[in-house]
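> Below are the structure tokens for one structure; questions will follow.
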4 protein chains.
Amino acid sequence: MKTKEQTKPLLQEAKLGSRGRLLIKCPDRPGIVAAISKFLFEHEANIIESNQYSNNPEGGTFFIRIEFDRPNLAESAAQMEQDFEMLASEFAMEYQFTYAEERKKMAIFVSKEPHCLLELLWEWQSGDLPTDIALVISNHEGTRGMVEALGIPFYYIPANKDIRKQVEEQQIQLLKEHQVDVIVLARYMQILTEDFVSHFPNQIINIHHSFLPAFIGARPYERAHERGVKLIGATSHYVTNDLDEGPIIEQDIERVNHRDDVSGLKKIGQSIERRVLARAVKWHLEDRVIVHGNKTIVFH
Amino acid sequence: MKTKEQTKPLLQEAKLGSRGRLLIKCPDRPGIVAAISKFLFEHEANIIESNQYSNNPEGGTFFIRIEFDRPNLAESAAQMEQDFEMLASEFAMEYQFTYAEERKKMAIFVSKEPHCLLELLWEWQSGDLPTDIALVISNHEGTRGMVEALGIPFYYIPANKDIRKQVEEQQIQLLKEHQVDVIVLARYMQILTEDFVSHFPNQIINIHHSFLPAFIGARPYERAHERGVKLIGATSHYVTNDLDEGPIIEQDIERVNHRDDVSGLKKIGQSIERRVLARAVKWHLEDRVIVHGNKTIVFH
Amino acid sequence: MKTKEQTKPLLQEAKLGSRGRLLIKCPDRPGIVAAISKFLFEHEANIIESNQYSNNPEGGTFFIRIEFDRPNLAESAAQMEQDFEMLASEFAMEYQFTYAEERKKMAIFVSKEPHCLLELLWEWQSGDLPTDIALVISNHEGTRGMVEALGIPFYYIPANKDIRKQVEEQQIQLLKEHQVDVIVLARYMQILTEDFVSHFPNQIINIHHSFLPAFIGARPYERAHERGVKLIGATSHYVTNDLDEGPIIEQDIERVNHRDDVSGLKKIGQSIERRVLARAVKWHLEDRVIVHGNKTIVFH
Amino acid sequence: MKTKEQTKPLLQEAKLGSRGRLLIKCPDRPGIVAAISKFLFEHEANIIESNQYSNNPEGGTFFIRIEFDRPNLAESAAQMEQDFEMLASEFAMEYQFTYAEERKKMAIFVSKEPHCLLELLWEWQSGDLPTDIALVISNHEGTRGMVEALGIPFYYIPANKDIRKQVEEQQIQLLKEHQVDVIVLARYMQILTEDFVSHFPNQIINIHHSFLPAFIGARPYERAHERGVKLIGATSHYVTNDLDEGPIIEQDIERVNHRDDVSGLKKIGQSIERRVLARAVKWHLEDRVIVHGNKTIVFH
């Protein structure tokens, strides 16, 4: 969520439709819901869905996600956002208006293993991921075919730790050109620098192939096999500068047993990774995730 | 949920505490949330948790559950409820105020198999079921010991279809005496008459030992075994006069395989029944369930 | 499982490799395991994995699946199968030798919805389905592109109930030409006649979009929504002439709630259908499924 | 599993019944199954269920669990075990004969939280845990009532790290007197010394209140809450001298969300702990678990 200074200055009015969302985070105190709902009512926005959470009713933080319907947002959104500033200021809100028709632009990063990329492409083709996939960036050529077949630009950028700086400059350049809103690391096996991450706060979603915080770091399936666990999992989280320590969006697991060798664990794990990442990305695109400290509030 | 005419005339003021809940069902239209939240704010009630759902944004039904904090409810609740009538009338609301400290009085009906009763007693002892267990009624003597050991009155009322009318009269008499708010059928194997059910609309919770609507009726585990299913389940629902057809509150399943005979399915099933019933009862006690037609909205 | 008369007369010896499987069903009695394991030992076949089940130790049916390693099966398999006949006869066994390298030939039938077809193609491409996909048959043109892109023959055969007989003759002709061993109905929405089914006993695998036996027949998601269930599921089963009543191979479910409308249930359901069908097909291809009456024994 | 030197010298013949189990671990090589099944057949033992696993078909370790039926084991078991020694020696087997009627003697250790103890008592009362509960040892008095009500001896032994040595001597003394075969730590919050553990190799079963190896050590629910995980779990394992690092028998998880505070996580966790521990104990009592290095093979 951005503070109001960060919200985009220009709305692409023509395509706003009638469905909007309002995400708010502010110090909890009486009267917030009354003030917001009065504001929306007066701006002819009908509340369709509303989810609220306070992490501590006595002096904690208040979170709300409201989905509303307001015909002709193209005409009214700018005024509504401007009017909201006074209310936001009164309650010290961080907030964000988004519009369902204004689809987020996504970049997908991938290395050799294509299963997570394929899942995203498949969900996107089926109309289940409300996004425009602007480009795919890979340090391998292997997935070029399937990406370009869908009319999505594919950029092959070889990468290793010695040329990390140049690689990231090239990547950032592409991401800016394509006005990317969200970056999905679909099993991209290169470490990102602090500088890269700082360009995209809470906008980079990773899939880690373990049930974090178990098996942080490399080779999680090998280590799960050595430990003899009876369940394996996957974790999707926002990327921060603490490796594998960012806010968790979604996790899931499957049961395994002594017959599953490392290769078997990887196969099972791929299926978990696919669905965990797809869910996390979908929730992000629908503005269902609010980051607070190192945790997420997911309203679904 | 009761219409306002049905709400209890006298609040037991002394024990209301500061935590209240407001459940509302009404025709959807703009401004409902604004009106409610303004009302609560003006009555110094701070919204702690709020869940809303509209089954059809264009002309459907609007549902909301609000949990609020308002010090000294004992002094203010009666006035607040009275003031709310005008608002309720304006929006044609069915609604219900409840107070966390005003615990519901529960009756548990059980036959031979004690596992669901035991689970409820155990959750209640642990402080996880906010209720007063007023009495246990059984057509078998088997569970008397464990019930009376906890200081709960136990009534043995033999039952069979020939004496159903007398049995139910006796039961209704006891339920009235104990001012029971909710009846849990914890594997009570007698059919209730239409008359009995009509006394307690949406107040009788049953556990059915199958994943409804599969295996409606008798002997579900035997039939599941004959069919060779790979999962078995249990369903908790409100009792209506259509046997096994009432609004479903909760369901769950577990995996089985060809090695599980009928007796094995029953053992696994008991564990599912226990947790499904316990969850459904808990949600009912916390006023998280709204019945609408033959379905439930569960806000959790 | 075939009786021995049905086993293929000619082994394609060149490609047998060293890994074989032996599936047996026979009346239970002492000494079966001893006789089989002695036989395999004497034929230099080392048991890698063995699963056994008796549905009733006293006078029931005995089932076993053995996976063995025997170098140079190309030279020895025919003799081993011939030698086994005496043992099989002594114990009145139905049995089947299969060889991992002799991959089953698969036909996939599909109508409009491509998600199950795509899942199978994806698993097959990843090396997870040990099969040769011989052809895809559809009554719609929609999936031709993705099928032919993988070099798999695609046959468009329009179908409706008036021309069912001709359609099925054409299909059977193609299946015979391609020497198909297994037919997967990946959301093929035409009913198959008794005659068609009788050509392929226990060789046709269907995915039904509900947790059978709940919602047998048409429009399961609509009916699940009307009933207000809290879980939805999918079922993969062998096709028999009783619609939706064939032996169940695999089932799974996911949790839903009041917010999921019919369209939402279908989306969630597609994800369940994909994984349930993929598992069932995989187990069939690995000879892990024995049909007995209207049930399956799945050794995994 | 014991080596043959460790097997009990005297069988309590009178109560052996007809159901036996044979667990074997040995270097893999051809002919093992043939030899074992021939042996059992010649000793008139009919194989009811058999599970086999090789961790590496080429030069690895072979594991088998056989359940057999042999009338009048009281007369024949001693001779059968003696005859087996030659076979065991030939294949360098570690092995163990057990008899279903010869129920294991169990001790349960518990501290303040009674939920795991209660689950075990409940399963035992229902006939689902084939064991004799010989005694309960606790460093708190809280559970004395429920234990003694079932006729089970209860020993209150206060414990803390300063008197650990004396406490354990007293415990070992009691365990020897009661001829205990298996010790279940049902949320016993004292650390056991290396000396104590060495007396009971693979005979002490613990429940850890996290999904190991995540949150090894103290306060796992607090740490899970801090990390913002979306699933919490529990792990049952054999106790070794590496704290929380012993061979895992069973794990399970449940979904949580941002609304669950630490206290909520503990409640949910208790329900997971109960069922995970109950399953692990049951499998141990049915001789379904073979320990190999730091892992378990669980045949179920």
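The values are calculated or read from the model by the stated rules, or taken from the named source; none is laboratory data. These numbers come from a predicted model, not from an experiment. Counting neighbours? That spans all protein chains shown, and the Cβs are built from the backbone with ideal geometry, glycine included.
Table: residues versus (1) in a helix (DSSP H, G or I); (2) within 13 Å of chain B (Cβ to nearest Cβ).
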site	(1), (2)
D:78	yes, no
D:88	yes, no
D:105	no, no
D:129	no, yes
D:133	no, no
D:136	no, no
D:142	no, yes
D:151	no, no
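> If you don't mind, another one. Identify, by number, the condition in (1) within 11 Å of the chain's Cα centre (by Cα); (2) farther than 16 Å from residue A:237 by Cβ; (3) at the interface with another protein chain (Cβ under 10 Å from one of its Cβ atoms) that residue A:278 doesn't meet.
Exception for residue A:278: condition (2).
> Additional query: Taking the criterion of being over 17 Å from residue C:206 (Cα atoms) and out of contact with any Pro (no Cβ under 6 Å at 6 or more places or on another chain), would at least one residue in segment C:238-253 satisfy it?
No, segment C:238-253 has no match at all.
> Follow-up question, since we're still on this one. Counting only residues that are touching a residue at least 12 places away in the same chain (Cβ under 8 Å) and part of a loop (DSSP other than H, G, I, E, B), which one in segment B:216-225 is farthest from the other protein chains (Cβ to nearest Cβ)?
Residue satisfying both the conditions and the ranking: B:217.
> Give the residues of segment D:249-290 that are under 24 Å from residue D:49 (Cα atoms) and assigned to a strand (DSSP E or B), sorted by residue number.
Correct list: D:249, D:250, D:289, D:290.
> So if I check each of B:297, B:272, which one is within 24 Å of residue B:242 (Cα to Cα) and at the interface with chain C (Cβ under 10 Å from one of its Cβ atoms)?
Details: B:272 fails: at the interface with chain C (Cβ under 10 Å from one of its Cβ atoms).
So the residue among B:297, B:272 that is within 24 Å of residue B:242 (Cα to Cα) and at the interface with chain C (Cβ under 10 Å from one of its Cβ atoms) is B:297.
> Going through segment D:148-175 one residue at a time, which ones are farther than 11 Å from residue D:137 by Cα and either of a type in the set (S, T, N, Q) or outside the structural domain of residue D:284 (by TED's automatic domain parsing) (or both)?
Hits for segment D:148-175 are D:160, D:166, D:173.
> Let me ask another. Has segment A:106-123 got at least one residue that is polar (S, T, N, Q) and at pLDDT 95 or above?
So the first thing to find is which residues in segment A:106-123 are polar (S, T, N, Q), and the list is A:111.
Then drop every residue that is not at pLDDT 95 or above, which leaves A:111.
Scanning segment A:106-123, I find at least one residue that is polar (S, T, N, Q) and at pLDDT 95 or above, so the answer is yes.
> Within segment C:55-94, track down each residue that is touching a Phe, Trp or Tyr at 6+ places or on another chain (Cβ under 9 Å) and surrounded by fewer than 16 Cβ atoms within 10 Å (Cβ to Cβ).
Across segment C:55-94, the qualifying residue is only C:83.
Residue-by-condition table, conditions (1) loosely packed, with under 14 Cβ neighbours inside 10 Å; (2) within 25 Å of residue B:286 (Cα to Cα); (3) not hydroxyl-bearing (Ser, Thr, Tyr):
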| site | (1), (2), (3) |
| --- | --- |
| B:147 | no, yes, yes |
| B:157 | no, no, yes |
| B:160 | yes, no, yes |
| B:168 | no, no, yes |
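> Looking only at residues that are in contact with a helix residue (DSSP H, G or I) (Cβ under 8 Å, 6 or more places away or on another chain) and facing chain A (nearest Cβ under 7 Å) in segment D:245-264, which one is surrounded by the most Cβ atoms within 10 Å (Cβ to Cβ)? Outline the logic, then answer.
If we filter segment D:245-264 for residues that are in contact with a helix residue (DSSP H, G or I) (Cβ under 8 Å, 6 or more places away or on another chain), which is where we start, we get D:248-254, D:256, D:260-262.
Now narrow it down to the ones that are facing chain A (nearest Cβ under 7 Å): D:248, D:250-251, D:253.
Details: D:248: 23, D:250: 27, D:251: 24, D:253: 25.
Here the answer is D:250.
> Can I ask one more? So residue D:29 fits all but one of (1) assigned to a loop (DSSP other than H, G, I, E, B); (2) over 23 Å from residue C:52 (Cα atoms); (3) at pLDDT below 95; what number is the exception?
So residue D:29 meets the others, but not (2).
> If you scan segment B:153-167, which residues turn out to be part of a loop (DSSP other than H, G, I, E, B) and not aliphatic (A, V, I, L, M)?
B:153, B:158, B:160, listed by residue number.
> Looking only at segment D:227-240, filter to residues that are more than 8 Å from every other protein chain (Cβ to nearest Cβ) and either touching a residue at least 60 places away in the same chain (Cβ under 8 Å) or over 15 Å from the mean Cα position of the chain (by Cα) (or both); which one of those is farthest from residue B:300 (Cα to Cα)?
Only one residue tops the list, namely D:234.
> Within segment C:175-217, can you find the residues that are farther than 18 Å from residue C:295 by Cβ, surrounded by fewer than 20 Cβ atoms within 10 Å (Cβ to Cβ), polar (S, T, N, Q) and in contact with a strand residue (DSSP E or B) (Cβ under 7 Å, 6 or more places away or on another chain)?
Result: C:179, single match.
> Ok, one more. Identify all residues within segment A:241-252 that are touching a residue at least 40 places away in the same chain (Cβ under 8 Å) and in contact with a strand residue (DSSP E or B) (Cβ under 9 Å, 6 or more places away or on another chain); write none if there are none.
Listed by number, the residues that qualify are A:245, A:246, A:247, A:248, A:249, A:250, A:251.
> Something else now. Could you list, ordered by first residue, the pairs with Cβ atoms under 8 Å in which the first is in segment D:176-190 and in the same structural domain as residue D:237 (by TED's automatic domain parsing) and the second is in a loop (DSSP other than H, G, I, E, B) and small (Gly, Ala, Ser), at least 6 apart or interchain?
Going by the 8 Å Cβ cut-off, the qualifying pairs are D:187/D:111; D:188/D:111; D:189/D:111; D:190/D:111; D:190/D:159.
> Given the options A:163, A:172, A:205, name the one that is hydrophobic (A, V, I, L, M, F, W, C) and without any contact (Cβ under 8 Å) to a residue 12 or more places away in the chain.
Values: A:172 fails: without any contact (Cβ under 8 Å) to a residue 12 or more places away in the chain; A:205 fails: without any contact (Cβ under 8 Å) to a residue 12 or more places away in the chain.
Of A:163, A:172, A:205, the one residue that is hydrophobic (A, V, I, L, M, F, W, C) and without any contact (Cβ under 8 Å) to a residue 12 or more places away in the chain is A:163.
> Within the bounds of segment C:168-190, is there any residue that is outside any strand (DSSP E or B), within 14 Å of chain B (Cβ to nearest Cβ), out of contact with any Leu (no Cβ under 9 Å at 6 or more places or on another chain) and among the hydroxyl-bearing types (Ser, Thr, Tyr)?
Scanning segment C:168-190, I find no residue that is outside any strand (DSSP E or B), within 14 Å of chain B (Cβ to nearest Cβ), out of contact with any Leu (no Cβ under 9 Å at 6 or more places or on another chain) and among the hydroxyl-bearing types (Ser, Thr, Tyr), so the answer is no.
> Select from segment A:32-69 the residues that are at positive phi and touching a Ser or Thr at 6+ places or on another chain (Cβ under 8 Å) and list them in ascending order.
A:44 - this is the single residue of segment A:32-69 that is at positive phi and touching a Ser or Thr at 6+ places or on another chain (Cβ under 8 Å).
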